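Step one of this worksheet: look at the structure below.
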Amino acid sequence: MAADRDVVLVRHGQTVWIATGRHTGRTDIPLTDEGRRQGRAVGALLAPWSFATVLTSPLGRARETCRAAGFDGEVDPDLKEWDYGDHEGRTTPEIREDDPGWTVWRGPVPGGESIDDVAARADRVVARI
């Protein structure tokens, strides 16, 4: 059903950290029951489509979402989430206590990836597909 050049991007389902507003990058937090339900729901939405390639992050929450959606995705390390470094597991308001006005887009992300690092990984994935 999807056109030859269509790309569908699906984010993983809910985790406890997502539910509490915590930045979740490289910490492999498992899906909640709601996250698994979300995976099945997106699978139902995508069921009429066929895909030449299905890729997934190596993190468990992404692989589990992919499986719950009914796909056997190929792991691509470039699809890992942004490495938040020292901000991993913190909420934006907590980070802004130390750095007022902070956003992930403007940084800094001490001990983590720069936006240029993330963009380079994304560029590799786009080139691949």
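The values are calculated or read from the model by the stated rules, or taken from the named source; none is laboratory data. Computed from a predicted structure; not experimentally measured. Don't worry about glycine lacking a Cβ; one is built from the backbone with ideal geometry, like all the others, and counts go over all protein chains shown. Remember, those area values only see protein heavy atoms, side chains included, never the ligands or the DNA or RNA. Shrake-Rupley method; radii C 1.70, N 1.55, O 1.52, S 1.80 Å.
One line per residue, one yes/no per condition, for (1) open to solvent by 50 Å² or more (accessible area, probe 1.4 Å); (2) in contact with a helix residue (DSSP H, G or I) (Cβ under 7 Å, 6 or more places away or on another chain); (3) in a loop (DSSP other than H, G, I, E, B):
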position	(1), (2), (3)
ARG5	yes, no, yes
ARG11	yes, no, yes
ALA41	no, no, no
ASP86	yes, no, no
GLU94	yes, no, no
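Filtered by the rule that a residue be small (Gly, Ala, Ser) and under 16 Å from ALA69 (Cβ atoms), the stretch 8-50 gives GLY13, GLY35, GLY39, ALA41, GLY43, ALA44, ALA47, SER50. Can you say whether VAL104 is farther than 15 Å from LEU9 by Cβ and open to solvent by 60 Å² or more (accessible area, probe 1.4 Å), as far as the supplied structure shows? Spelling it out, it is not the case that VAL104 is farther than 15 Å from LEU9 by Cβ and open to solvent by 60 Å² or more (accessible area, probe 1.4 Å).
Residues in the stretch 59-84 that are in contact with a Ser or Thr (Cβ under 6 Å, 6 or more places away or on another chain), open to solvent by 30 Å² or more (accessible area, probe 1.4 Å), of a type outside the set (A, V, I, L, M) and in a helix (DSSP H, G or I): ARG63 only.
Selection within the stretch 43-58: residues that are free of Cβ contacts under 8 Å to residues at least 40 places away in the same chain and in contact with a Phe, Trp or Tyr (Cβ under 9 Å, 6 or more places away or on another chain). The member of this set that is surrounded by the most Cβ atoms within 10 Å (Cβ to Cβ) is THR56.
Just checking, which of ARG63, ARG106, ARG40, ARG96 is over 20 Å from ILE129 (Cβ atoms) and either in contact with a strand residue (DSSP E or B) (Cβ under 7 Å, 6 or more places away or on another chain) or in contact (Cβ under 8 Å) with a residue 12 or more places away in the chain (or both)? Matching residue, one of ARG63, ARG106, ARG40, ARG96: ARG40.
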